[in-house]
1. Regarding residue 131, is this residue within 22 Å of the chain's Cα centre (by Cα) and more than 20 Å from residue 333 (Cβ to Cβ)?
2. For the structure I just gave you, tell me whether residue 62 is exposed (fewer than 14 other Cβ atoms within 10 Å of the Cβ), touching a helix residue (DSSP H, G or I) at 6+ places or on another chain (Cβ under 9 Å) and polar (S, T, N, Q).
3. Please go through the range 333-360 and pick out each residue that is open to solvent by 40 Å² or more (accessible area, probe 1.4 Å) and either aliphatic (A, V, I, L, M) or not in a strand (DSSP E or B) (or both).
4. Please go through the range 205-218 and pick out each residue that is open to solvent by 10 Å² or more (accessible area, probe 1.4 Å) and under 18 Å from residue 247 (Cα atoms).
5. Name the single residue that is surrounded by the fewest Cβ atoms within 10 Å (Cβ to Cβ) among those in the range 15-46 being small (Gly, Ala, Ser) and touching a Pro at 6+ places or on another chain (Cβ under 8 Å).
6. How many residues does the range 1-49 hold that are modelled with pLDDT of 95 or more and of a type in the set (Phe, Trp, Tyr)?
7. Can you say whether residue 276 is of a type in the set (Ser, Thr, Tyr) and touching a residue at least 60 places away in the same chain (Cβ under 8 Å), as far as the supplied structure shows?
Amino acid sequence: VHGGDPNTEKKSRQPRDMNLQFQPFAPELSALGEPLTSSIEIKNKDSNAVPQNSRLWILEDSLIFEDSVEVGAIQPYQSKRVRITVQTKGGITWRDIPDTYTYSLKSKTGQVLGSLRVQHRMRSFCGGLTKIQPPEGSEFINILICGFFGAGKSAFINTVLNMVSSSDNNVVHQEFVGGGAEHNTKEYTAIPIEGTKIRLFDTWGIDEKNYRDGELELIVSGLMPSGFDMDMNVRDHMTQMMKQQSTVSKRRPHAILFFVPFALLDDTNLTSVMKTQLDKIKNMQINSFVIVSRLDEAVPQLRSAPNNQFPEVEQYRQKAATALGVPLGLVRYSVPYTIEQTRSFQIERLSFGILNDAAAAAKARAKVSSKAAAPLGKKAFQWD
């Protein structure tokens, strides 16, 4: 990748840019407000050596303070891997992270020998998630993913798993991602997030006919075990679940993400179904984040620019808050990976924001809910 304007260089009689190739590597884990460390391999494909005392710079932007590290000479057709750490600016939130940052290799005299603009990886900023510790009596911070079927719950989980992965730039689409007319997730499944003490619980979707035997209350109370199938009869397993009350703190969710497709908000009957289920969670004294999903079907440009402010998005957020009786501040929207083959920083940044807010809420709630739950009897779930 070449930097500079050849015409300008010719007029000023400066040496030409060199034939260099830059290969960036996945940045090391950090957290917002902490220094960022990254590595890049510089391949000299030029017939001339990269001069001694050359330095690799990362240029200043809204996130990063400019800094450099000495590279030294690189002989023709040789390469060198360089590691550089830069300080980041305070007061930055995940919404403020720019899409890209720029490497620039310069000679001792300041001549630009080559440069490369690199897309950020949200994984770089996931270091804060690795520091969140579960409360006493639990091995994980548990975040429950629930909501209407086909709302993109599993797609969101898949996006999070891609985001924290240190693998290459390709998106891995897990088999559990659906979104069709049938339930894709049929088991209550625990999914740990790589490198953290955070665990996501995926649930089968809510519709007009299910979750009538207290399943949601059992999940939120921590009584339902991972692996429970939607086709199982709760009554057949109630005695066994009640015997596990002493261990509910291991499974009880500390935060809940409740997914609602935007189109459902225009259906009064289905909205009522959602509100009924959401009210069950509220009655158990835990607030949920409502995630309005599939909004890119109404606002197609949202998929390529999910962090932009579109009036339609705000209208649906307000509609969800009003219809479901939740504060607007607890309403988010999601644009997960669906057909993408390569990583999108903007999609991952939006998903990071949801996960980061849920993790912060879970951390706060975990301090309160670390004590064992009060015994729950059959009357709490209205079996008869």
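The values are calculated or read from the model by the stated rules, or taken from the named source; none is laboratory data. None of these values were measured; they are calculated from a predicted model. Note: ideal-geometry Cβ built from the backbone for every residue, glycine included; neighbour counts use all protein chains shown. With ligands, DNA and RNA removed, areas are computed over all heavy atoms of the protein, side chains included. Shrake-Rupley method; radii C 1.70, N 1.55, O 1.52, S 1.80 Å.
1. Details: within 22 Å of the chain's Cα centre (by Cα): yes; more than 20 Å from residue 333 (Cβ to Cβ): yes.
Judged against the criteria, residue 131 is a match.
2. Numbers: exposed (fewer than 14 other Cβ atoms within 10 Å of the Cβ): yes; touching a helix residue (DSSP H, G or I) at 6+ places or on another chain (Cβ under 9 Å): yes; polar (S, T, N, Q): yes.
Answer is yes for this residue.
3. Residues of the range 333-360 open to solvent by 40 Å² or more (accessible area, probe 1.4 Å): 338-339, 341-342, 356, 360.
Those that are open to solvent by 40 Å² or more (accessible area, probe 1.4 Å) and either aliphatic (A, V, I, L, M) or not in a strand (DSSP E or B) (or both): 338, 339, 341, 356, 360.
4. Quick first cut of the range 205-218, residues open to solvent by 10 Å² or more (accessible area, probe 1.4 Å) only: 207-210, 212-213, 215, 217.
Once the filter is applied, which keeps residues that are open to solvent by 10 Å² or more (accessible area, probe 1.4 Å) and under 18 Å from residue 247 (Cα atoms), the range 205-218 yields 215, 217.
5. In the first step, residues of the range 15-46 are kept if they are small (Gly, Ala, Ser); the result is 26, 30-31, 33, 38-39.
Filter once more, so that each one left must be touching a Pro at 6+ places or on another chain (Cβ under 8 Å): 38-39.
Details: 38: 22, 39: 14.
This residue is 39.
6. 1
7. On the way: of a type in the set (Ser, Thr, Tyr): yes; touching a residue at least 60 places away in the same chain (Cβ under 8 Å): no.
Considered against the rule, which asks whether it is of a type in the set (Ser, Thr, Tyr) and touching a residue at least 60 places away in the same chain (Cβ under 8 Å), residue 276 comes out as no.
A quick yes/no check of all residues on (1) closer than 20 Å to residue 201 by Cα; (2) in contact with a His (Cβ under 8 Å, 6 or more places away or on another chain); (3) outside any helix (DSSP H, G or I):
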position	(1), (2), (3)
248	yes, no, no
253	yes, no, yes
256	yes, no, yes
265	no, no, no
272	no, no, no
291	yes, no, yes
